[in-house]
Amino acid sequence: MENDNGVCNMMIMLELNHCMPSPALSPASPCREMFVTLSISFLVLGGAIGLDNGLGKTPPMGWNSWNHFNCTITEKIVRATVTAIIEKGLDKHGYKYVNLDNCWAASSRASDGTIQPNPTTFPDMKGLIDFVHSKGLKFGLYSDAGYYTCGKRQPGSLGYETKDANTYAEWEVDYLKYDNCETDGSKPEVRYPVMRDALNKTGRPIFYSLCETGKDNVSLWGPKVGNSWRTTRDIGDYWDKMISRADVNADLWPYAGPGGWNDPDMLEVGNGNMTFEEYKTHFSLWCLMKAPLLIGCDITKMSDDTFKILTNDHVIAVNQDPLGIQGNRTKQDGTNEIWQVPMKDGTRVALAFNRGDSASDITIQWTDIGFPNSASVNVYDLWDDKKMIGKFTGSVTAKAIPSHGVAMYQVEPVST
Ligand code: GLA
């Protein structure tokens, strides 16, 4: 299913390597503009940057069991989660995938080698998948490009790629997260395409999520293999861990695009160890970086604050924008930062981010976000229901951004 476009896009990405941005690169630089122009041309031509199996034209949205439930996940919990997704209307905001992570399978395969669900915790896997589909949602599973999954919790798919892909297709699985533990020591770029080809051969479109935690410059080869690729080690529900994952992922922005996304790991919003402002920042950065939005908390017990963050449609629209460009950081001044992303409608979204320990004013100059200083623009506050905060020329100052907080503005040029 790889096509000429995929290969061609890859070559352009590689040629652009010499333009890889330093964090301070202005989006208005020649390299940036060339990249944006090329991306737009390929979108117009209908090309996809990632594996062209028709999936992931925008980053996937859904829920994954790992960050909250780890190995305590059961069919009962997943059914309750599905019910909560529907009752709370999360699907209406775009959250469609219900993904099981590690620990869903029995510790050994059936006598004919077929992978089998854990009979105690997942007594009726096909019934569960049918239930998910009956609610208009999609279903994902987890496996590993090694002999076992991480922690040796269940058999991996190395050597069983075709058998497992066929089983998943038969069960009507829609998404596969593929980890990189307990391997034979060969490079991931050798093992991951084997499962890609096996999935493609089933004829069922299955979103292919590479989880080899950023090894061997995965952003260079990932687009030809998967619909997303982890760029980082595991996230945790702590500010330092979350923000360090964002920092690693940020510089890889040229490699993401429709069909294939950099993945800085799943969301921790709502798991309890960060403040409301920190979770807002986490979500804003993931949306601006076009990261997969996989909720990682217990949806059945979601607080109002968590719901408010995860269902901000204005911020989600940045993530799901069809232009599909990953935003980048264009300015660092001590602990004050500016990030930006161009949108398909010609607007840009600016993120003023205060990494410091006390509140700070941050001024966004138009040149920080790719507009000339002479431009007159309308500015809308995405965390305040996209209210227009005024018409400005040259810059706008976000006042008293709290510690570890952000202001996220959509900036629309207007003719004077
Ligand atoms: C790895 C992955 C995590 C999760 C666990 C499960 O650490 O990076 O996202 O899937 O394995 O064991």
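The values are calculated or read from the model by the stated rules, or taken from the named source; none is laboratory data. Remember, predicted model here, so these are calculated numbers, not experimental data. Because the Cβ atoms are built from the backbone with ideal geometry, glycine has one as well, and the counts that use them run over all protein chains shown. In case anyone asks, the SASA skips ligands and DNA or RNA and just uses the protein heavy atoms, side chains included. Shrake-Rupley method; radii C 1.70, N 1.55, O 1.52, S 1.80 Å.
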key: Label-point gap, in nm, between residue 120 and residue 373 - each point 7 angstrom along Cα→Cβ   = 6.8 nm
message = Can you compute the label reach from residue 358? Point 7 Å from Cα along the Cβ direction, backbone N cut-off under 16 Å, restricted to segment 389-416.
response = 400-405
task = In debye, nearest 20, what is the charge dipole magnitude of the chain about its Cα centre with +1 on Lys and Arg Cβ and -1 on Asp and Glu Cβ, if you could check?
result = 340 debye
The chain: angle of helix 4-15 to the longest principal axis, Cα-based, in degrees nearest 10 = 50 degrees
task = Of the DSSP beta bridges with both residues in the chain, give the percent that are antiparallel, rounding to the nearest 5.
result = 60 percent
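Averaging over all projection directions, find the projected area of the Cα convex hull of segment 338-413 and quote it in nm² with one decimal place. Walk me through the numbers before you get to the answer.
Working: hull surface 17.6 nm².
Mean orientational projected area (segment 338-413, Cα hull): 4.4 nm².
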query = Gap in Å between the Cα centre of segment 347-397 and the Cα centre of segment 227-268?
reply = 24 Å
key: Theoretical ellipticity at 222 nm over the chain - DSSP helices of four or more residues, -39500 (n - 2.57) apiece, nearest 500   = -9000 deg cm²/dmol
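Send over the Kirkwood Rh of the chain, from the inverse of the averaged 1/r over different Cα pairs, rounded to one decimal Å.
Values: mean 1/r = 0.0460 Å⁻¹.
Kirkwood radius, the chain: 21.8 Å.
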key: Rounded accessible area per residue of segment 61-319, 1.4 Å, Å²   = 35 Å²
